[in-house]
Amino acid sequence: MKTPDQHAVDTDTDAVPFTARLATVGVLLLAALCAPRETSERAFRLLDLLKDSSEPPPPAPAPSARRRAQQGGR
């Protein structure tokens, strides 16, 4: 069982990466909104890279397109 002091240390070590990421996103957001155009575009690209979600898969071709491809593109 953890003592209250050990629990406080775990909480502090969890807070450090969260605070660093929050500060990074804050600076990028500020740059994206207030900086000159070129810097703003770069900041938006970096914010896009920091997202946790991956790109959605491309949509599957329609059944009629698959049939045309199988028939030789008629």
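Modelled with pLDDT of 90 or more, surrounded by 10 or more Cβ atoms within 10 Å (Cβ to Cβ) and in a helix (DSSP H, G or I): which single residue out of ALA23, ALA8, ALA15 fits that description?
ALA23
List every residue pair whose Cβ atoms lie under 6 Å apart, where the two residues are 6 or more positions apart in sequence or sit on different chains, the first residue falls within the range 45-74 and is open to solvent by less than 100 Å² (accessible area, probe 1.4 Å), and the second residue, located anywhere, is at pLDDT 65 or above and not hydroxyl-bearing (Ser, Thr, Tyr).
That search, which allows pairs on different chains as well, returns LEU46/LEU28; LEU47/LEU28.
The values are calculated or read from the model by the stated rules, or taken from the named source; none is laboratory data. Since the model is a prediction, treat every value here as computed from it, not as a measurement. Backbone-built Cβ (ideal geometry, glycine too); neighbour counts: all protein chains shown. Side chains are part of the model used for accessible areas, which takes the heavy atoms of the whole protein and leaves out ligands, DNA and RNA. Shrake-Rupley method; radii C 1.70, N 1.55, O 1.52, S 1.80 Å.
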